[in-house]
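Here the structure is laid out as structure tokens; the discussion comes afterwards.
Bear in mind these aren't lab numbers, they're just calculated from the coordinates by the rules spelled out. Bear in mind that the values here come from a model prediction, so they are computed numbers and not experimental data. When we count neighbours, we look across all protein chains shown, and the Cβ atoms used for this are built from the backbone with ideal geometry, even at glycine.
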Amino acid sequence: MLFDKDEYHGRWNRLYDSIEASGARTAVVWQRSAGGYDRAGDLHWLCNYASLASGQEPSVATWPGIGRGFAALIFHDRNEPTLHIAEPVELIDEAEIAPLAIHSHDNLPGGVGAELARLGVEGTVLHNADDFLPVLFGRELAAAAPGVTFEHDDHLIYRAHRIKSPAEHEVMREAGRVASSALTALMSGLLAGQSEREAAAAAAAAIVRGGGGFQRIGVAHGSRSERVFWSSSMYGYSDETPALGDLARGWVYGPIYGGYWLDPGRTLVVGNQPTSAQRTLLEAGNDVVERLLDAIRPGVSSADVGLLGDELMAAAGNEAEGDYWELYGHGVGKDFYLPPAIPAHGSYAGLVDTYEVGMAVTVEIFLRHAGVGMATFERTGLVTDSGVELLDDTPMIWW
């Protein structure tokens, strides 16, 4: 494991603070992992567990049971949490999981509900999973724990995770090095005229070589990139080869190292001979990113940074139809799209927060000049006393 037991005990104590701040005594933190990452991070941050199942397997009572691919941590009355899984405990390398009791269930939600009933829990139990638990789980939980009312809390984990520990900072710095190596390989390949898949393969190799993983390596080029994110909605990259003079964007994102999400992105001109209009577009986009980064300081609201972003994007001549992208940045950690969000035109108001030392944050922009293209950039960093310590170092401008 990358973290010791004291680090995990500190996280559990902060989560109990979060539970009690909502007036509750009990919470269930759910995970869906099994090779997917989008709902893996909350529980992984708390104990380093991820399911070995092959995706969200069918929930069949006879076999393999109900809940393969999911897991739950029960927190109650400041006791040590217990981990509940739907696969045999003997398959789990317990040396890779924070030290706690592990319980296996053929019916995971039924087992979690039964444990809550055994503990005598009634009334409100907080959880993090309204948007991904199957309806089947709700029925099983209600049957096993009829005295419990489950209440979703959007910020249950965030309140405990918003300030990263010094140990997390070190892991995120390594994630930044891995992500930068991958993004530099991706953009260097596109600059040299490689196909999208060749350039993406080099990026993937850099991440794996660095000991990490990714959700997607996204690429888009040419006139189509003015309106679409990626050349392939499934994989992010295609087998197409950009032409000399095309604008090309590249993005590397996912739980890059240690399960920590980073998502740096860049735009360049294939062949590195920009037209005057392309040069103006990309340099204007870089300037917006730099000025937004300069605005982030402890005590500053991300809403105010969003207002600045609106002004800067308008001054840079943004011609995107409607609000092409709803934010100018967000928090990162073991999950994606955390607060503090930097809202574009007032969106994402529920994810606004005030910057504090120790937060991990991003700044991103999608700047469009009609007929020229769309410049897209994203940078990631840690909030310090004096500003932002950048975690990615891939060049922003290549000429």
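Summarising the amide proton neighbourhood of VAL125: residues at separation of 5 or more, or on other chains, whose placed amide H is nearer than 5 Å comprise THR149, PHE150, GLU151.
Shown here for region 1-84: trypsin sites (Lys or Arg not before Pro) in loop regions (DSSP other than H, G, I, E, B) with at most 14 other Cβ atoms within 10 Å, namely ARG78.
In this rough spin-label picture, where each label sits 7 Å from Cα along the Cβ direction, the ILE102-HIS345 distance is 4.9 nm.
The distance separating the Cα centre of region 38-62 from that of region 351-396 comes to 31 Å. Please give the helix 166-191 orientation as an angle from the longest Cα principal axis of the chain, in degrees from 0 to 90, rounded to the nearest 10. With both axes taken from Cα atoms, the answer is about 40 degrees. Projected label points at THR275 and LEU91, each 7 Å from Cα along the beta carbon direction, are separated by 5.6 nanometres.
Once backbone amide H atoms are built at 1.01 Å from N, ILE296 has no partners under 5 Å, excluding neighbours fewer than 5 places away on the same chain.
Under a model in which nothing but the beta-carbon of Lys, Arg (+1) and Asp, Glu (-1) is charged, the chain shows a dipole of about 440 debye around its Cα centre.
Averaged over residues, the count of other Cβ atoms within 10 Å places the peptides 106-112, 131-137 in the sequence 106-112, 131-137, highest first. Relative to one another, the C-alpha centroids of region 87-141 and region 193-223 are positioned 36 Å apart. The modelled label-to-label distance between ARG224 and ASP130, using points 7 Å beyond Cα along the C-beta direction, is 3.8 nm.
In sequence order, region 122-131 has phi-based couplings of 9, x, 6, 10, 6, 8, 10, 10, 3, 8 Hz under the Karplus curve 6.51 cos²θ - 1.76 cosθ + 1.60, θ = phi - 60°, and Gly or Pro positions carry x.
Two decimals, Cα atoms only, Kirkwood Rh: what is Rg/Rh over region 5-161?
So for region 5-161, dividing Rg by the Kirkwood Rh gives 0.93.
Under 11 Å from a label point set 7 Å out along the Cα-to-Cβ vector of SER22, the amide N atoms of region 103-147 belong to 124-130.
Taking each pair of different alpha-carbon atoms in region 21-71 once, compute 1/r for the pair, average those values, and report the inverse of that mean as the Kirkwood hydrodynamic radius in Å to one decimal.
11.9 Å
What share of the DSSP beta bridges in the chain is antiparallel, in percent to the nearest 5?
Details: 46 of 58 bridges.
Beta bridges within the chain, antiparallel portion: roughly 80 percent.
Calculated mean residue ellipticity at 222 nm for the chain: -10000 deg cm²/dmol, from DSSP H runs with n ≥ 4 weighted as -39500 (n - 2.57), summed, divided by the residue count and rounded to 500. Under the combined filter of DSSP loop state and at most 16 neighbouring Cβ atoms within 10 Å, region 59-161 retains these GluC sites (Glu not before Pro): GLU122. Sorting 351-362, 388-399 by their mean Cβ neighbour count within 10 Å, with the most densely packed peptide first, gives 351-362, 388-399. The length gained on full extension between ALA192 and ASP310, counted as 0.36 nm times the residue separation minus their Cα-Cα distance, comes to 39.1 nm.
Computed from backbone phi with θ = phi - 60° and the Karplus coefficients 6.51, -1.76 and 1.60, the 3J(HN,Hα) list for region 296-301 is 7, 8, x, x, 8, 7 Hz; x is used for glycine and proline.
Would any residue of region 260-274 have its amide N under 11 Å from a label point 7 Å out along Cα→Cβ of TYR235? List them or say none. No residue qualifies, since no backbone N sits under 11 Å from the label point. Sites listed here are trypsin sites (Lys or Arg not before Pro) in region 96-173 whose DSSP assignment is loop and whose Cβ has at most 14 other Cβ atoms within 10 Å, and the list is empty.
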